[in-house]
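Colleague: Please read through the structure below; I'll follow up with questions.
The values are calculated or read from the model by the stated rules, or taken from the named source; none is laboratory data. If you're wondering where the values come from, they're calculated on a predicted model, not measured in any experiment. Don't worry about glycine lacking a Cβ; one is built from the backbone with ideal geometry, like all the others, and counts go over all protein chains shown. We work out accessible area using only protein heavy atoms, side chains counted, and drop any ligands, DNA or RNA first. Shrake-Rupley method; radii C 1.70, N 1.55, O 1.52, S 1.80 Å.
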Amino acid sequence: MNWIITENNKKIDALSIPTITIEELREDLKALKLRPIGFFGKQEFENVRLYVVLADDKKGKIHISSVLFKPDVKSYNSLTKDFPQLHNFEREFYEDFKIEPKNHPWLKPLRNNQKDYPFFVMQGEDIHEVAVGPIHAGIIEPGHFRFMCQGEKIYNLEIMLGYQHRNVEKLMLNPNNRLAESICGDSVVGYNMAFSEGMEALSDTVISKRACLIRRIALEMERIAIHIGDMGAISGDMAYLMGANVFATTRTLVINTMLEISGSRFARGLIDVGGVNFDIDNEMASKIKTMLNEVLEIVHRCAKIMLKKPSCISRMEQTGTVSKETALSLGAVGMAARSCAIGLDSRFDFKDKYYTKYSTAKKLEETGDVFARFKLRYKEIIQSIQFINYFLDELKNNKEEIKTTPNDLSANSFVVSITEGWRGEIVHCIITGVNSEIIRYKIKDPSFNNWYMLSMAVRNNGISDFPLCNKSFNLSYCGCDL
Amino acid sequence: MLDTIKLKYYQGDKYIKDIQNAPIKDSFRGFPIIKEGEIDVSCCPLNALSTNPNKIDMGKCTFCAKCKSEIIQFSPKYKISSASRENLIIKENMTFEEFEKTAIKARKEIKKIFSKSLKLRQVSAGGCNGCEMELNACLNANFDMGRFGIEFTASPRHADGLVITGPITKNMAYALEDCYQSTPNPKIVILAGACAISGGIFQNSDMLNREFIEKYNIDLYIPGCPIHPLTFINALLDYLEIKA
């Protein structure tokens, strides 16, 4: 087996990445049994090189290899039949480079699909279709959902995305932090951190511990804010308005503190390559602690009321269930996977020392339904508050600078940067060329893996439960469309 | 039930009473104050800066404060919206009071038709979910925009106007056009966020289609990246001449 083994945020020589054949790749994928986190092409003169990045979550290692396609090769035998988690990756590769994965069970367009999208058709008596979108009833991003229903019951949901496609990967060839944090505006810190840590690894820039801690405080605050907001939205979608209002105003406390730190409610402008732009002094640290205590108290109280209320529980329990087997075969990641008892959390899997120092316990739920995702959010909020308190204590005795000037990027290098955003792992792969310029920037949002989970979750549910299921995942449109 | 009442009591009042004079933390970056002197135009990733005289285009600016220096400062003033695109370009030595005077002029007919009730339809056309979340926040118990009769509807057929976020991607252009045509007359169009106003950070993308902006009359420009709920609500209150 010819794979190069590396770690998260570790620079390797791009030219040392081995080349294997597509059949060898198939055999290796079978033998290694690892999770694909990158499967993307790059134009190399007239050839196309397909990079395959696999994550070994147990050991915290990353395996990389590549397949070279000569210009006369226009197809290969699809890998999706053997490895269903690759279905989206292969569609993306086909769309970008027109190299066809033969016998792909679902070779539909992924992003450039506005005309004549080949929707599945269901026939029979009493069958009806419901088309929703791209503009939705609420204030959310655009996407098209096509339901096949019999009466109230959903047989299948087909999701067509691509409306948000802004060609971000091309823009990221001349990257800056403002662009990185605008790729997906609800994971500002996650995206900016993945980008910044990748760039720092590529340029051998060592940033201070203080900056690392402040970044992680912001990352956990983002997780808390969005999770609370989502718990509120779940409450709203099941018509428990008390919860919706309490959680919404509690979220405001968190993001207003973020504004106090960084001048933006979503921490835009906080992180730059080389460190952070705003410090957290002792006074601010105690403010954050007081705020978090209050947030924790309210979340505890409200969640406890909801977890006791039969009217709330009956709406969430066994609604939108995804089994562990389904989630595993679809390659689910992040919070959605953890709600199906799959222990994936890149903070601990890839041994981020700032976290593993204190705890390595991943929060999990077993049942895979809306209730599981609600309870998991509650658990993760408590965990994140603990982490922030540890980090703030560590900041106290640390007098380092928060920012350094980054060095120049190294030539011919490859780095994989993984950050656990609130949805799950955000993977950025950056490749530099001979003149240290970025020649390929690849982004994988956790939603890229998880959208299909939503399709599976709503099967055999009432169509009126769709908003509840959707909100319980809260997947990203722009992170997937790029 | 008792727990619920206790929780409500514990939480207390959360709404902002006087939304037109609501306080905001000094760290907020709003209206820029520019002095005379030499500035480095290249530091802005959005080309929002220009010289002779020094200017910042708030329609492009993400308020990241990368250009912050002795010459350029950002004040925590959040009422930065305007009814005309030109007004968003802030020249050197311009004070906030000067800007505010000319920024939004309420039109008689608009006031007459919409000041009691304004229902808006939001269209995200490539928005990153930042402005969308802030528009949702406008409706929560803190900001409670609904008290002024301003709300978001589920369908353009019920709407009096559109709020557009995002740089308008090619793939969303026809849906936006459809939505505009489905909104009954008279209607207003509001651009929320730097992306919608100028393409923002995505201005160089080759997947945008901004014909809509050139084709139709825009009534209100709301800068920010993302927009702050106070900016949005106050812009509408000023535009409709609603006194809270």
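Colleague: Counting Lys +1, Arg +1, Asp -1, Glu -1, what net charge surrounds residue A:86 among other residues with beta carbon under 12 Å of its beta carbon?
Modeller: +1
Colleague: Can you flag which of A:170/A:375; B:77/B:170; A:309/A:363 are past 29 Å Cα-Cα?
Modeller: Working: A:170/A:375 39 Å; B:77/B:170 34 Å; A:309/A:363 23 Å.
Listed pairs above 29 Å: A:170/A:375; B:77/B:170.
Colleague: Follow-up. Any idea what the alpha-carbon Rg over 2.2 N^0.38 Å comes to for region A:1-142?
Modeller: Rounded to two decimals, the normalised Rg is 1.28.
Colleague: Who wins for biggest fluctuation among B:57, B:144, B:13 in a Gaussian network model of chain B, springs between alpha carbons below 10 Å?
Modeller: For chain B, modelled as a Gaussian network with Cα springs under 10 Å, the answer is B:13.
Colleague: Here is a follow-up. Tell me which DSSP H helices of chain A clear both cut-offs, 18 Å or more of axial length from alpha-carbon atoms and a mean Kyte-Doolittle hydropathy of at least -1.0.
Modeller: Numbers: long enough: A:188-202 (21 Å, 0.60); A:209-237 (42 Å, 0.24); A:241-262 (31 Å, 0.91); A:282-308 (39 Å, 0.10); A:370-396 (39 Å, 0.06); A:446-458 (19 Å, 0.31).
In chain A, the long hydrophobic H runs are A:188-202, A:209-237, A:241-262, A:282-308, A:370-396, A:446-458.
Colleague: While we're on this one: Using a 1.4 Å probe on the protein heavy atoms only, what accessible surface does residue A:261 show? Give it in Å² to the nearest 10.
Modeller: Solvent-accessible area, nearest 10 Å²: 20 Å².
Colleague: As a test question: what accessible area, to the nearest 10 Å², does residue A:373 have when a 1.4 Å probe is rolled over all protein chains in place?
Modeller: Near enough 0 Å² of accessible area.
Colleague: All other residues with a Cβ under 14 Å from the Cβ of residue A:179 taken together, and with Lys, Arg as +1 and Asp, Glu as -1, what is their net charge?
Modeller: +3
Colleague: What shape does region B:12-244 take by its C-alpha gyration tensor, where a ≥ b ≥ c are the square roots of the eigenvalues and a/c under 1.5 counts as rounded, a/b above b/c as prolate, and the rest as oblate?
Modeller: oblate
Colleague: Now, a different point. Mind checking which of B:197, B:110, B:89 has the largest fluctuation in a GNM of chain B, springs on alpha carbons under 10 Å?
Modeller: B:110
Colleague: Restricting to DSSP H runs of at least four residues, report the calculated mean residue ellipticity at 222 nm for chain B, -39500 (n - 2.57) per run over all residues, nearest 500 deg cm²/dmol.
Modeller: -7500 deg cm²/dmol
Colleague: Among rounded, prolate and oblate, which fits region A:168-481 when a ≥ b ≥ c are the square roots of the eigenvalues of its C-alpha gyration tensor, a/c under 1.5 means rounded, and a/b larger than b/c means prolate? Show your work: numbers first, answer last.
Modeller: Working: a/c = 2.08, a/b = 1.35, b/c = 1.54.
Note, shape of region A:168-481 comes out oblate.
Colleague: For chains A and B, what's the summed buried accessible area, probe 1.4 Å, to the nearest 100 square angstrom?
Modeller: Values: alone 19320 and 12960 Å², together 27530 Å².
Approximately 4700 Å², summed over both chains.
Colleague: Are there trypsin sites (Lys or Arg not before Pro) in region A:298-358 that DSSP puts in a loop and that have at most 16 other Cβ atoms within 10 Å, and which ones?
Modeller: A:351, A:357
Colleague: Provide the net charge surrounding residue A:402, with neighbours chosen by a C-beta distance below 12 Å and charges set as Lys +1, Arg +1, Asp -1, Glu -1.
Modeller: 0
Colleague: Tell me the Kirkwood hydrodynamic radius of the protein assembly as shown in angstroms, computed as one over the mean inverse distance between distinct C-alpha pairs.
Modeller: Details: mean 1/r = 0.0380 Å⁻¹.
Value: 26.3 Å, from the Cα pair sum.
Colleague: Largest first and to the nearest Å, give the Cα extent of region A:263-328 along each principal axis.
Modeller: Answer, in whole Å and largest first: 45, 33, 18 Å.
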